[in-house]
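First comes the structure, then the notes that go with it.
Computed from the coordinates by the stated procedures, all read-outs in this text should not be read as laboratory data. For clarity, every value in this text was computed on a predicted model and none was experimentally measured. A quick note on method: Cβ atoms are made from the backbone with ideal geometry, for glycine too, and the neighbour counts reach across all protein chains shown.
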Amino acid sequence: MSVPVMVEPLLKVAGLNAWYGESHILHGIDFEIGKGELVTLLGRNGAGKTTTLRSIMGIVGRRSGSVTFEGRETVGHPSNQIARLGIAYCPEERGIFSSLNVEENLLLPPVVKPGGLSLEEIYRLFPNLEERKRSQGTKLSGGEQQMLAIGRILRTGASLLLLDEPTEGLAPVIVQRIGEIIRQLKERGFTILLVEQNFHFAATVADRHYVVEDGRVIDMVTAADVKQSLGKLQAYLGV
Amino acid sequence: MFELLGISPPALFGQLLLGLINGAFYAMLSLGLAVIFGMLNVINFTHGAQYMMGAFAAWLLLGMLDVPFWAALVLAPIIVGLIGVVLERLLLKRIYHLDHLYGFLLTFGLALVIEGMFQWKWGSSGAPYPSPIAGGWNLGFMYLPKYRGFVVVAALAICLITWYAIERTRLGAYLRAATENPTLVRAFGINVPRLITITYGVGVGLAAMAGVLAAPIQQVSALMGTNLVLVVFAVVVIGGMGSIMGSIVTGFSLGLIEGLTKVFYPPASNTVIFVVMALVLLVKPAGLFGQTK
């Protein structure tokens, strides 16, 4: 597989194994992301995409191998220290806190580095959230909750965003809006690792795609090659 | 009206006031339990012993170091809270992933050990603690010692400050969020294990502060917490496990209900809280202010 020329990858994952209890989920994941890139992990249900994100964040039962961020090894460190290096995670289930209102949800993740968005900028990006800032977080619509889940990790100054299926279960017009937001974030210099089931959505935003199957990365396709690799990708994803 | 009911106003108001004072202690203690349960998922059966340790700490500070009540009101909760922190780091943190039953066994066992040690050293007859505020007010229908009035106000203030800290501050937001989803909160960069330790220390400190406030009213004795804590657990169950406002409101109201029962049907006054508990659980199994998860 051909990896585009990059100076020093922001995130480098090598031989990553992960377990939930007794079940061995990741069997040596290898990939890397350059600074400012938008990379997706594609694959069928249960291939290990979400587990890869959770392993990078350090919230799986057990993991081995190597995950370096800005050259620093993170395996063996608790998740709160990994977050403080500048990695932020937006989980698939969104993880909006019902005992916090919208603004409290937004302000929850502590600022770990300078350079994050201000609250005003986040509200400009997601005007709905400002209108409903006193509402209970879980009273929002699915799309608004997704925007809240993305919005709250933009304040922290983290440079790498891990987004787990941000379009899942949302109406097409909202999916489109989230696509615009993700492109804007890339323009602002965020590095994004995106897990997606929705390949058509992924293809519109990403620089490169890694295909995950049975806990391994089995292929890599750049955005430029997507058209000619379409048949191959569809076979991988079973679409 | 009072003639109709066959009771005298002094008896009624007197018992209501006593009920309010008891309710103040129920509220403070169940508040600490609610805070601890919310965060640690452990029902802290050591709470009564820690309340007793607060009273003893104040008594020892006075007897050995001449530390006055007002200083002890701050110092004793800090000392007992720090002992709580050590217990959490050494023992409790090892059982969070296990069933509730293990938390029950551990904290209940600790309570027995702690109370046994105090009983062995100081006996169980109890020692008096001089009231820091002398005198009282004649309210017409009854005589109210000033100190008891102070206890009600102080307890209310402590409850409201705690409520504010949890519901309206940034640290409180961390706490509420970590109660819901500790893994995600930790993945945001917050040191959740440390937050848990602090929470336990503060919850224990609240129990100890209630103990200091109780010292001038009751005898300071090794078993002063055991009877009280039974009622307090009923209060927590009625209010809803983990609900902060629920603990405060239920604590004060059950004190009043108990007081009223003493006026109208004294034999039931010891059991009325448990009757209320049974009724509430029949109608709302999660408690009055509790949320089913």
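If you average 1/r over all unlike Cα pairs in the range B:222-286 and invert the result, what Kirkwood radius do you get in angstrom?
Kirkwood hydrodynamic radius for the range B:222-286: 12.2 Å.
Straight-line reach from B:Lys284: which lysines fall under 29 Å, measuring Cα to Cα and dropping same-chain residues less than 8 apart?
List returned: A:Lys139, B:Lys262, B:Lys293.
Just for the Cα atoms in the range A:75-152, what are the lengths along the principal axes, largest first, rounded to whole Å?
Computed over the Cα atoms, the extents are 40, 25, 18 Å.
Among the lysines, which fall within straight-line cross-link reach of A:Lys113, defined as a Cα-Cα distance under 19 Å, with same-chain neighbours fewer than 8 residues apart omitted?
A:Lys35, A:Lys186
Can you list the GluC sites (Glu not before Pro) in the range A:50-102 that are in a DSSP coil and have 13 or fewer other beta carbons within 10 angstrom?
When the GluC sites (Glu not before Pro) of the range A:50-102 are filtered for loop state and at most 13 Cβ neighbours within 10 Å, A:Glu93 remain.
Which peptide among B:139-145, A:27-33 comes first, and what is the full order, when sorted by highest mean count of other Cβ atoms within 10 Å?
Descending mean neighbour count gives A:27-33, B:139-145.
Whole number please: convex hull volume per residue of the Cα set in the protein assembly as shown, in Å³?
About 186 Å³ per residue, rounded to a whole number.
Using only Cα atoms, find the angle between the long axis of helix B:224-239 and the longest principal axis of chain B, and express it within 0 to 90 degrees, rounded to the nearest 10.
Orientation of helix B:224-239: about 80 degrees from the principal axis.
With an 8 Å cut-off on Cα pairs and a minimum separation of 6 or more residues, tell me the relative contact order of chain A in percent.
27
Go through the range A:135-239 and name the trypsin sites (Lys or Arg not before Pro) that are in a DSSP coil and have 16 or fewer other Cβ atoms within 10 Å of their Cβ.
Listed in order of number, the matching sites are A:Arg188, A:Lys227.
Please grab the % of Cα pairs in the range B:158-293 that end up more than 23 Å from each other.
More than 23 Å apart: 45 percent of the Cα pairs in the range B:158-293.
Can you give the average number of partner chain beta-carbon atoms within 10 Å of each beta-carbon in peptide A:106-117, as a whole number?
Mean number of neighbouring Cβ atoms from other chains: 2.
Counting other C-beta atoms within 10 Å, and keeping those with at most 16, which DSSP coil trypsin sites (Lys or Arg not before Pro) do you find in the range A:1-85?
Answer in residue order: A:Lys35, A:Arg44.
For the pair A:Ile218/B:Leu139, report the inter-label distance in nm, with labels modelled 7 Å from Cα in the Cβ direction.
That separation, rounded to one decimal, is 7.8 nm.
Looking at the P(r) of the range B:2-224, how many percent of alpha-carbon pairs lie beyond 32 Å?
The proportion of pairs with Cα distances above 32 Å equals 26 percent.
How high is the relative contact order of the range B:24-85, in percent, counting Cα pairs under 8 Å that sit 6 or more residues apart?
Relative contact order of the range B:24-85: 23 percent.
Below 8 Å, C-alpha to C-alpha, sequence gap of six or more: please give me the relative contact order for chain B in percent.
Relative contact order for chain B comes out at 38 percent.
Let me confirm one metric for peptide A:56-62, namely the mean number of other chain beta-carbon atoms within 10 Å of its residues' beta-carbons.
Per residue, the number of nearby Cβ atoms from other chains is 2 on average.
Sort B:68-74, A:194-200 by packing, meaning the average of other beta carbons within 10 Å per residue, with the highest value first.
A:194-200, B:68-74
Roughly speaking, what is the stretch gain from A:Asp30 to A:His200, that is 0.36 nm per residue apart minus the C-alpha to C-alpha distance, in nm to one decimal? Intermediate values should be presented prior to the final figure.
Numbers: separation 170, 0.36 × 170 = 61.20 nm, distance 2.40 nm.
So the extension gain works out to 58.8 nm.
Taking amide H atoms as placed 1.01 Å from N in the peptide plane, list the residues 5 or more away in sequence, or in a different chain, whose amide H sits under 5 Å from that of A:Val75.
A:Val67
Spin-label point model (7 Å from Cα, Cβ direction): what's the B:Ala165 to B:Gln218 distance in nm?
Here the answer is 2.3 nm between the modelled labels.
With the dipole of the range B:2-224 worked out from charges on the C-beta (+1 for Lys and Arg, -1 for Asp and Glu) around the Cα centre, which of B:Gly14, B:Val204, B:Ile114 lies farthest toward the positive end?
The one lying farthest along the dipole's positive direction is B:Val204.
Tabulate in residue order the Karplus-calculated ³J(HN,Hα) for the range B:65-75, using 6.51 cos²θ - 1.76 cosθ + 1.60 with θ = phi - 60°, rounded to whole Hz; enter x for Gly and Pro.
10, 6, 6, x, 3, 5, 6, 5, 4, 9, 5
Among A:Ser141, A:His200, A:Leu26, whose Cα lies farthest out toward the positive end of the dipole of the range A:11-237, if unit charges sit on the beta carbon of Lys, Arg (+1) and Asp, Glu (-1)?
With unit charges placed on the Cβ atoms, the residue in question is A:Ser141.
What value, in deg cm²/dmol to 500, does the helix sum -39500 (n - 2.57) over DSSP H runs of n ≥ 4 give at 222 nm once divided by the residues of chain A?
Calculated at 222 nm, the ellipticity per residue is -8500 deg cm²/dmol.
Over the whole of B:173-184, what's the average partner chain Cβ count within 10 Å per residue? Rounded to a whole number, please. Walk me through the intermediate numbers first.
On the way: counts 9, 4, 1, 6, 11, 2, 2, 8, 6, 0, 7, 13.
What the average comes to for B:173-184 is 6.
Provide the net charge surrounding B:His47, with neighbours chosen by a C-beta distance below 14 Å and charges set as Lys +1, Arg +1, Asp -1, Glu -1.
For residues surrounding B:His47, the net value is -2.
With runs of 4+ DSSP H residues as the only contributors, calculate the mean residue ellipticity of chain B at 222 nm using -39,500 (n - 2.57) per run, divided by the residue total and rounded to the nearest 500.
Calculated mean residue ellipticity at 222 nm is -24500 deg cm²/dmol.
For the range B:93-175, just say rounded, prolate or oblate: build the C-alpha gyration tensor, square-root its eigenvalues into a ≥ b ≥ c, call rounded for a/c under 1.5, and beyond that prolate if a/b exceeds b/c, oblate if not. Don't skip to the answer; put the middle values down first.
Working: a/c = 3.41, a/b = 1.31, b/c = 2.61.
It comes out oblate by the Cα gyration axes.
Hey, how many Å between the Cα centroid of the range B:162-176 and the Cα centroid of the range A:178-195?
33
Less than 23 Å apart at the alpha-carbon level, and either on another chain or at least 8 residues along: which lysines does that give for A:Lys232?
Within reach: A:Lys49.
Among A:Gly116, A:Gly61, A:Gly86, whose mean-square fluctuation peaks in a Gaussian network model of chain A (Cα, cutoff 10 Å)?
A:Gly61
Give a residue-ordered list of calculated ³J(HN,Hα) values for the range A:155-166 (Karplus: 6.51 cos²θ - 1.76 cosθ + 1.60, θ = phi - 60°; whole Hz; x for Gly, Pro).
So the J values, rounded to whole Hz, are 6, 7, x, 5, 9, 10, 10, 9, 10, 9, 6, x.
B:Val220's amide H: which non-local residues (gap 5+, or another chain) put their own amide H closer than 5 Å, with H modeled 1.01 Å from N in plane and none for Pro or chain starts?
HN-HN under 5 Å from B:Val220: B:Ala127, B:Tyr129.
Show me, for the range B:94-102, the HN-Hα J-couplings you get by feeding each phi into the Karplus relation (A = 6.51, B = -1.76, C = 1.60, θ = phi - 60°), rounded to Hz, glycine and proline as x.
7, 10, 4, 7, 8, 4, 3, 4, 5
Calculate log10 I(q)/I(0) of the range A:128-173 for q = 0.23, 0.28, 0.33 Å⁻¹, where I(q) comes from the Debye formula with a single equal point scatterer on each Cα and nothing for solvent.
For the requested q values the scattering log ratios are -0.91, -1.11, -1.23.
Cα convex hull of the range A:93-198: how many Å³ per residue?
91
More than 32 Å apart: what percent of Cα pairs in the range A:11-237 qualify?
Of all Cα-Cα pairs in the range A:11-237, 15 percent lie more than 32 Å apart.
Round to a whole angstrom and tell me the spacing of the C-alpha centers of the range B:241-293 and the range B:75-142.
If you average the Cα positions of each part, the centres end up 23 Å apart.
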